[in-house]
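Undergrad: Below is a structure I'd like to ask you about.
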Amino acid sequence: NHNHNHNHHFRHADSTASLPSSAVAKISHLKAVVLGDAPASEEDDVVLPSHEFSRQALVPSQQKYLEMYKASIENPAGFWSGIASSEFYWKQGWGDQVYSENLDVRRGNIKIEWFKGGITNVCYNCLDRNIDAGLADKIALYWESNEPGFDATLTYSQLLQRVCQLANYLKSVGVRKGDAVVVYLPMLMELPITMLACTRIGAVHSVVFAGFSSESLAQRIVDCKPKVVITCNAVKRGPKTIFLKDIVDAALIDSANKGISVDVCLTYENQLALKREKTKWKEGRDIWWEDVVPKYPTSCDVEWVDAEDPLFLLYTSGSTGKPKGVLHTTGGYMVYTATTFKYAFDYKDSDVYWCTADCGWITGHSYVTYGPMLNGATILLYEGAPNYPDPGRCWDIVDKYKVTIFYTAPTLYVTRYSRKSLRVLGSVGEPINPSAWRWFFNVVGGSRCPISDTWWQTETGGFMITPLPGAWPQKPGSATFPFFGVQPVIVDEKGVELDGECSGYLCVKSSWPGAFRTLYGDHERYETTYFKPFPGYYFTGDGCSRDKDGYHWLTGRVDDVINVSGHRIGTAEVESALVSHPQCAEAAVVGVEHQVKGQGIYAFVTPVEGISYSEELRKSLILTVRTQIGAFAAPDKIHWAPALPKTRSGKIMRRILRKIAARQLDELGDTSTLADPGVVDQLIKLADT
Ligand code: 6R9
């Protein structure tokens, strides 16, 4: 009794002739259901936006999307400068050139600039501008504690005061424009406050996810040499207390040993987790936030900066061991995150928006803090674990705050409550498979809410391929079509652009305002990693296919990066942690499909000679990874390996290891090029020990 509507709304736009094939939909004879009419069944290939939804949407039709997309590609300068000048405050306009770019290594250094010469400030645009526009008393932040029953709110004007006090404090300890500030905080209000305070004075924040170990933190401190580190004494996550300050102490000792000492460690006393009396303290260096920050004035002049001045650094995993410091600058990032947020979630002033990401990741930068705040949105911050004290917690929170836009990773929970307030859903971090999509759509959204499956990366700053909820018919599991100004291309291994229905490596042609500008201190690595593999394009590291209707389907990383619950982890990072263990001779790490986490970490380990396989060694190897990287990077499986399968030139054949890990033993392929083909049988025998 499903109300199927065949080809209900599909109409071909006339304006598609000159569009890149990435933006042209040719939908034909698909089974479809209309939003709100009935659940999406396994047979439904398409979910159509309802008239009701589309009527109120910012982009109400496919036709409108195509018009805007076309304008954005044909005249990027006009498209983006129109938005930038009408929706943001600039102390001074940019020069004659809206943007300049070179994405082709054959033509010299890679360079991307947007709005160069324009003078602005992101914090001003997030707070002062919105307050001037009448939002002073609008709730900016709702904060929900790990412990049910503890919460707090800040209006836009209260938030501005808090931000200014911290900004003034930071100036008083010598933080100036261009200085780095490392932030190691959980999801307290103090985290976005800190980000905005840095931005206000032109300092460059480098937020380190508070699940990283002291060694990872130290590595980042050594790389960016901050004037100040900001943390809190402890945090509760679920039933556990995590002593963050102890981790910072160890990191500061570690980085001092490597020649980088930090003078100030500003520490927030998180009273719900730990009293200050119980916190280890280093006089002279450590300062309680509550003792100093509230004493500073509640207003603070803005540091006006160039659009191309750095906004923040965020370290992310690559395919080699050392994390990469992704650098985003001011103007383009501001315009891009605000615009993508607005359109992809069809944002309305009355929305209550909740993104479950931690500010330690890019999603928390662009879509907890900057994008929503630039739009003057009401944002919910949740401190705790999604399943604490029970699996219904997320739905309790949605109901408590009447959340209307819910943006999360596909790694999800159980059904329990009505989520009547929801209007738009978002998904990020990993491919969402069609049945997970249907579950999210039918159960969480009551088959009423469109899903924005947003594909993007730390490097891209904001959404790249995403549905616009009022415009596109959606296919469960597809990120659909590019955002305005984005030209995705799919290339083969030779870098030849593929057309029509195809599958290959996902690249992007031309720049977009939110693109990262360099890897901090290593422009050469920036060029090598992202622009040399396919000259003329930005290479994403992802595989992608395009179906006959023009929809994009992301198929996961094609490099040695694993995606665990939406957290990017380089296999090389885990391997180098494992081999640092005195009893580990060699290690090779691959990703495997994981029911809950999307991908799991699967490690093949060869112990040093004379050491036997034991449960003790297994535990101690896992502990080593936890302490060197963080708990989220702990291998799910240690597979003992007398030796690893290698080519005669000594290269580990990961292809074979991936098949063994997935137990696809009949798909091992050609093993004859191995130096010792017998290794494979040995590994198979040891698979379940
Ligand atoms: C935003 C974020 C980036 C990698 C990316 C891709 C995967 C992200 C996705 C997705 C399929 C989506 N990814 N969103 N894959 N569909 N909607 O996650 O940034 O941490 O840098 O990870 O995540 O593989 O290359 P980041």
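The values are calculated or read from the model by the stated rules, or taken from the named source; none is laboratory data. Remember, predicted model here, so these are calculated numbers, not experimental data. Methodologically, a virtual Cβ is constructed for each residue, glycine included, from the backbone with ideal geometry; neighbour enumeration extends over all protein chains shown. Only protein heavy atoms, including side chains, enter the accessible area calculation; ligands, DNA and RNA are left aside. Shrake-Rupley method; radii C 1.70, N 1.55, O 1.52, S 1.80 Å.
Undergrad: Would you point out which residue out of Glu609, Glu593 is surrounded by fewer than 16 Cβ atoms within 10 Å (Cβ to Cβ) and assigned to a strand (DSSP E or B)?
TA: Glu593
Undergrad: Please go through region 337-376 and pick out each residue that is open to solvent by 10 Å² or more (accessible area, probe 1.4 Å), of a type outside the set (Val, Ile, Thr) and in contact with a Ser or Thr (Cβ under 6 Å, 6 or more places away or on another chain).
TA: Hit for region 337-376 is Ala357, nothing else.
Undergrad: State which residue is farthest from Ala210 (Cα to Cα) when the search covers only region 234-283 and only residues that are of a type in the set (Gly, Ala, Ser) and not in a helix (DSSP H, G or I).
TA: So in region 234-283, the residues of a type in the set (Gly, Ala, Ser) come out as 234, 238, 250-251, 255-256, 259, 261, 273.
Restricting the remaining residues to those that are not in a helix (DSSP H, G or I) gives 234, 238, 259, 261, 273.
On the way: Ala234: 10, Gly238: 15, Gly259: 23, Ser261: 20, Ala273: 15 Å.
Among residues in region 234-283 that are of a type in the set (Gly, Ala, Ser) and not in a helix (DSSP H, G or I), the one farthest from Ala210 (Cα to Cα) is Gly259.
Undergrad: So Ala167 passes all but one of these: (1) assigned to a loop (DSSP other than H, G, I, E, B); (2) out of contact with any Leu (no Cβ under 7 Å at 6 or more places or on another chain); (3) among the aliphatic types (A, V, I, L, M). Which condition number does it fail?
TA: Unmet condition: (1).
Undergrad: Next question. Could you tell me which numbered condition Gly600 fails, if it satisfies all but one of (1) at pLDDT 90 or above; (2) open to solvent by 30 Å² or more (accessible area, probe 1.4 Å); (3) closer than 30 Å to Ile242 by Cα?
TA: (2)
Undergrad: Only one of Ser261, Ser299 is open to solvent by 60 Å² or more (accessible area, probe 1.4 Å), within 17 Å of Met195 (Cα to Cα) and either under 25 Å from the mean Cα position of the chain (by Cα) or not hydrophobic (A, V, I, L, M, F, W, C) (or both); which?
TA: Details: Ser261 fails: within 17 Å of Met195 (Cα to Cα).
Matching residue, one of Ser261, Ser299: Ser299.
Matching residues to (1) open to solvent by less than 20 Å² (accessible area, probe 1.4 Å); (2) over 21 Å from Gln599 (Cβ atoms); (3) of a type in the set (Ser, Thr, Tyr):
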position: Val625; (1), (2), (3): yes, no, no
position: Ala631; (1), (2), (3): no, no, no
position: Lys637; (1), (2), (3): no, no, no
position: Lys651; (1), (2), (3): no, yes, no
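Undergrad: Ok, one more. Keeping to region 40-57, report how many residues are buried (at least 16 other Cβ atoms within 10 Å of the Cβ) and not aromatic (Phe, Trp, Tyr).
TA: Of all residues in region 40-57, those buried (at least 16 other Cβ atoms within 10 Å of the Cβ) come to 40, 44-50, 53-54, 57.
Subsequent filtering for residues that are not aromatic (Phe, Trp, Tyr) retains 40, 44-50, 54, 57.
Looking only at that region, the number is 10.
Undergrad: Let me ask you something else. What are the residues in region 633-660 that are at pLDDT below 90 and within 30 Å of Ala218 (Cβ to Cβ), if any? Even if it seems obvious, please write down each step before you answer.
TA: Of the residues in region 633-660, the ones at pLDDT below 90 are 646-655.
Hits for region 633-660 are Ile652, Arg654.
Undergrad: On the basis of being at pLDDT below 95, open to solvent by less than 50 Å² (accessible area, probe 1.4 Å) and under 28 Å from the mean Cα position of the chain (by Cα), does Pro76 make the cut? Spell out how you get there, then give the answer.
TA: Values: at pLDDT below 95: no; open to solvent by less than 50 Å² (accessible area, probe 1.4 Å): yes; under 28 Å from the mean Cα position of the chain (by Cα): yes.
Considered against the rule, which asks whether it is at pLDDT below 95, open to solvent by less than 50 Å² (accessible area, probe 1.4 Å) and under 28 Å from the mean Cα position of the chain (by Cα), Pro76 comes out as no.
Undergrad: Could you count how many residues in region 284-338 are assigned to a strand (DSSP E or B) and within 16 Å of the ligand (Cβ to nearest atom)?
TA: Applying the first criterion (assigned to a strand (DSSP E or B)) to region 284-338 yields 286-288, 305-306, 310-316, 324-329.
With within 16 Å of the ligand (Cβ to nearest atom) added as a condition, the list becomes 312-316, 324-328.
Residues flagged as assigned to a strand (DSSP E or B) and within 16 Å of the ligand (Cβ to nearest atom) within region 284-338 amount to 10.
Undergrad: Continuing with the same structure: Please list, ordered by first then second residue, the pairs with beta carbon atoms under 7 Å, 6 or more apart or interchain, first in region 550-564 and acidic (Asp, Glu), second at pLDDT below 85 and within 10 Å of the ligand (Cβ to nearest atom).
TA: Filtered contacts from region 550-564: no entries.
Undergrad: Here's something else I'd like to know. Kindly evaluate Leu188 against the criterion of being surrounded by fewer than 23 Cβ atoms within 10 Å (Cβ to Cβ) and in a strand (DSSP E or B).
TA: Working: surrounded by fewer than 23 Cβ atoms within 10 Å (Cβ to Cβ): yes; in a strand (DSSP E or B): no.
Answer is no for this residue.
Undergrad: Regarding region 111-126, can at least one residue be identified that is aliphatic (A, V, I, L, M), closer than 25 Å to Leu159 by Cβ and touching a residue at least 12 places away in the same chain (Cβ under 8 Å)?
TA: Taking region 111-126 as the starting set, the residues that turn out to be aliphatic (A, V, I, L, M) are 112, 119, 122.
Of the ones still in play, those that are also closer than 25 Å to Leu159 by Cβ are 119, 122.
Next cut, touching a residue at least 12 places away in the same chain (Cβ under 8 Å) only: 119, 122.
Looking for residues that are aliphatic (A, V, I, L, M), closer than 25 Å to Leu159 by Cβ and touching a residue at least 12 places away in the same chain (Cβ under 8 Å), one finds at least one in region 111-126, hence yes.
Undergrad: Do any strands (runs of 3 or more DSSP E) entirely within region 367-479 hold 1 or more residues that are away from the ligand (no atom under 14 Å from the Cβ), and if so, which?
TA: Details: elements: 378-382, 405-408, 424-427, 451-453.
Qualifying strands (runs of 3 or more DSSP E): 378-382, 405-408, 424-427.
Undergrad: Quick one: Gly211 ticks every box in (1) open to solvent by 10 Å² or more (accessible area, probe 1.4 Å); (2) modelled with pLDDT of 95 or more except a single one, so which number is it?
TA: Gly211 satisfies all of (1) open to solvent by 10 Å² or more (accessible area, probe 1.4 Å); (2) modelled with pLDDT of 95 or more except (2).
Undergrad: Additional query: Among the residues of region 50-107, how many are basic (Lys, Arg), without any contact (Cβ under 8 Å) to a residue 24 or more places away in the chain and closer than 26 Å to Asn130 by Cβ?
TA: 0
Undergrad: Which one is least open to solvent (accessible area, probe 1.4 Å), of the residues in region 134-161 that are in a strand (DSSP E or B) and hydroxyl-bearing (Ser, Thr, Tyr)?
TA: Step one: list which residues in region 134-161 are in a strand (DSSP E or B), which gives 139-144, 151-155.
Adding the requirement that they be hydroxyl-bearing (Ser, Thr, Tyr) leaves 142, 153, 155.
Details: Tyr142: 52, Thr153: 69, Thr155: 24 Å².
In this case the residue turns out to be Thr155.
Undergrad: Separate question: Name every residue in region 344-365 that is within 21 Å of Pro482 (Cα to Cα) and either among the polar types (S, T, N, Q) or more than 16 Å from the ligand (Cβ to nearest atom) (or both), in order of residue number.
TA: Answer for region 344-365, where residues must be within 21 Å of Pro482 (Cα to Cα) and either among the polar types (S, T, N, Q) or more than 16 Å from the ligand (Cβ to nearest atom) (or both): Asp346, Tyr347, Thr363.
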